[in-house]
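Okay, structure first, notes after.
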Amino acid sequence: MLKYQKNVEADEQGELFKLSKRKLPSAERVRMLQEKLYCKAKQERDFKFYILYDKMFIPFMLQEGYAKVKANGGSPGIDGQNYTDIEKYGLEKFLQELGEELRKRTYKPQAVKRVWIEKANGGKRPLGIPTIKDRIAQAVCKMILEPIFEADFEDSSYGFRPERSSKDAMKAIKNYLHEGKTEVLDADLSSYFDTIPHDKLMIVLKQRITDPRILDLIEKWLKSPIYEDGKFTGGKKTKVGTPQGGVISPLLANIYMHLVDKIANSKTKLFYKLGIKIVRYADDFVLMGERITSEAIDKLKEVLQRMGLTLNETKTRQIQAMETPFNFLGFTIRYDKDILGRNKRYWNIHASDKSENKIREKIREKLQKCGHHKPQQVAQELNTIIKGWLNYFEIPNVSYAAMSKRSLRHYLILKLNRYYHRKSQRRSRHSGQQAFDLLVNKYQLIDPIKHSVRNFL
């Protein structure tokens with residue numbers, strides 16, 4: 001059940017009913033609005049929402065939009081304005097002014113600052129950073145649109161959706177493997193976020209949204225100029241792409257890829273008739289079946305071509321999972337022999353080599369920045385990395401993380417030994433395995449092999 005469908009606890013409900021709507025917390029008022037939009041969209045599949053823009057400048061929507069944006073953190077945009085600057089200026093005044101710009105329709109998004117993020121394979125990917133002001137406006141728009149399209153989305157989609165995660169996607173994959181759907185098309189789209197055609201995306205949006213003011217607002221964000229190295233590019237002439245980093249970009253990307261989900265799951269279409277299932281997380285997806293025919297692959301390419309998208313032929317693989325491992329969302333899925341030597345095999349899902357290298361790199365970088373930190377602070381900062389890793393890669397009854405956890409523990413022992421050995425010419429009491437043990441026993445450093453995700457719940 002989606003978060004805006006959930007009822008508050010009984011004891012909280014009683015208190016809420018005693019309050020007038022105006023006295024309810026902003027988050028609760030947003031939830032109530034989203035629940036109404038969701039129910040309307042769910043009950044009337046063909047209904048087109050023609051009045052939504054008036055919700056863009058409601059004070060409690062702006063307040064909740066700011067709270068969500070601030071909780072996500074992030075760097076300042078092109079204007080250099082951060083959260084401290086806004087709150088020093090006066091948050092209420094700032095949101096009121098933004099609300100007035102939206103109400104009078106004088107609001108114009110600023111250019112998106114582009115930075116490049118290092119990828120694990122040595123390449124780089126572009127990240128667009130809108131201003132905080134634009135992020136707030138996008139967050140409000142997302143809160144309005146998300147429940148409407150959530151009513152339409154397929155169960156096979158797991159990325160950037162409320163109450164869904166990569167863990168659910170991996171559970172689905174394992175279930176399909178146990179059902180015998182072991183032939184896999186591991187698909188990769190070429191620069192998906194950068195190639196979404198604006199005209200076709202707007203057509204999809206109009207199937208549910210007919211308020212021209214909302215559509216105009218989205219188009220303005222899609223055509224915001226890009227600022228990089230002192231130069232502006234793009235703008236009104238831009239016809240493709242939604243910048244990664246924008247608050248509303250993941251939702252727009254899901255709305256467009258929903259077309260693929262619908263065709264893959266339709267009972268009248270080829271994929272369903274061949275017993276082929278799709279598991280999708282944003283632009284990453286796999287097709288799984290007892291057999292993936294060339295006819296099914298050609299149909300997928302045809303659908304993507306009509307959408308203005310293309311498969312990356314060099315990265316897309318068709319494999320038999322019982323013979324060849326494949327990677328998805330940072331996991332490796334393989335059909336392994338029994339570790340006790342019995343005549344049995346089992347599906348083993350664990351962190352990929354690339355994912356293990358990535359956490360080691362994070363630990364190494366963190367220790368390089370902790371040159372003069374006290375042991376307690378070192379433990380706390382490492383715990384943030386370790387906890388995030390365990391929460392992601394350890395999925396009860398789905399993944400097998402024991403080997404990776406032992407490997408991570410061994411790496412921590414070695415790195416902490418070297419870290420404290422470098423800090424002093426004399427032998428430190430933290431050197432050797434004692435460093436790891438002391439940080440675990442005295443400063444609550446997480447020992448990967450002794451902890452599981454249940455410890456963090």
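Normalised by the number of residues in the range 296-416, the average gap of Cα pairs under 8 Å and 6 or more apart makes the relative contact order 18 percent. Farthest towards the positive end of the charge dipole of the range 220-315, among the residues A296, L251, V286, is the Cα of L251, using unit charges on the Cβ of Lys, Arg, Asp and Glu. Enclosing the Cα atoms of the chain in their convex hull gives a volume equal to 198 cubic angstrom per residue. Restricted to Cα atoms, the range 220-280 shows a radius of gyration and a Dmax of 17.2, 54 angstrom.
With r as the distance between the Cβ atoms of N82 and K124 and R0 = 30 Å, compute the FRET efficiency 1/(1 + (r/R0)^6) and round to 0.05. FRET efficiency, K124 to N82: 0.75. Solvent-accessible area per residue in the range 132-284 equals 38 Å², computed with a 1.4 angstrom probe and all protein chains kept. Taken along its three principal axes, the alpha carbon spread of the range 262-332 comes to 32, 27, 21 Å, from the longest extent down to the shortest. Per residue, the average separation of C-alpha pairs within less than 8 Å and at least 6 apart gives the chain a relative contact order of 14 percent.
Straight-line cross-link reach from K174 at under 20 Å between alpha-carbon atoms covers these lysines, not counting any fewer than eight positions away in the same chain: K277, K337, K344. A cut-off under 11 angstrom between Cβ atoms defines the neighbours of S190, and their net charge, with Lys, Arg +1 and Asp, Glu -1, is -3. For the range 251-404, the average shadow cast by the Cα convex hull is 13.3 nm², which is a quarter of the hull's surface. Binning the C-alpha pair distances of the range 151-255 at 10 Å intervals from 0 yields a P(r) profile of 12, 35, 29, 17, 6, 0 %, listed from the shortest bin outward.
Counting only protein heavy atoms and a probe of 1.4 Å, the accessible surface of the range 260-371 is 43% carbon and sulfur.
For the residue pairs K55/K104; K48/K104; K21/K42, the alpha carbons lie more than 18 Å apart in K48/K104; K21/K42. For the chain, the share of DSSP beta bridges that are antiparallel, to the nearest 5, is 90%.
I117 to T310: FRET efficiency via 1/(1 + (r/R0)^6), r the Cβ-Cβ distance, R0 25 Å, to the nearest 0.05? Between I117 and T310 the formula returns 0.65.
Distance from the C-alpha centroid of the range 157-185 to that of the range 392-410: 18 Å, rounded to the whole angstrom.
Size of the range 250-289: Rg and Dmax of its alpha carbons, in Å, are 10.4, 30. Centre-to-centre, using Cα atoms only, the range 192-211 and the range 343-374 are separated by 38 Å.
Calculated from DSSP H runs of 4 or more alone, at -39500 (n - 2.57) each and per residue, what is the 222 nm mean residue ellipticity of the chain, nearest 500?
-15000 deg cm²/dmol
In units of 2.2 N^0.38 Å, what is the alpha-carbon radius of gyration of the range 65-151?
Relative to the 2.2 N^0.38 Å estimate, the range 65-151 comes out at 1.24.
The D229 and Y443 beta-carbon pair, evaluated with R₀ = 41 Å, returns a calculated FRET efficiency of approximately 0.40.
Under 20 Å of direct C-alpha separation, and excluding same-chain neighbours fewer than eight residues apart, K124 reaches these lysines: K113, K231, K315, K354, K358, K362.
For K415, the aspartates and glutamates whose Cα falls under 19 Å of its own Cα, not counting residues fewer than eight places away in the same chain, are D353, E356, E361, E365, E381, D437, D447. Backbone geometry of the range 333-341 corresponds, through the Karplus equation with coefficients 6.51, -1.76 and 1.60 at θ = phi - 60°, to 3J(HN,Hα) couplings of 10, 9, 9, 9, 6, 4, 5, 8, x Hz, x marking Gly and Pro.
The values are calculated or read from the model by the stated rules, or taken from the named source; none is laboratory data. Bear in mind the structure is a predicted one, so any value in this text is a computation, not a measurement. All Cβ positions, even for glycine, are placed from backbone atoms using ideal geometry, and neighbour counts span all protein chains on display. Heavy atoms of the whole protein, side chains included, go into the accessibility calculation; ligands, DNA and RNA do not. Shrake-Rupley method; radii C 1.70, N 1.55, O 1.52, S 1.80 Å.
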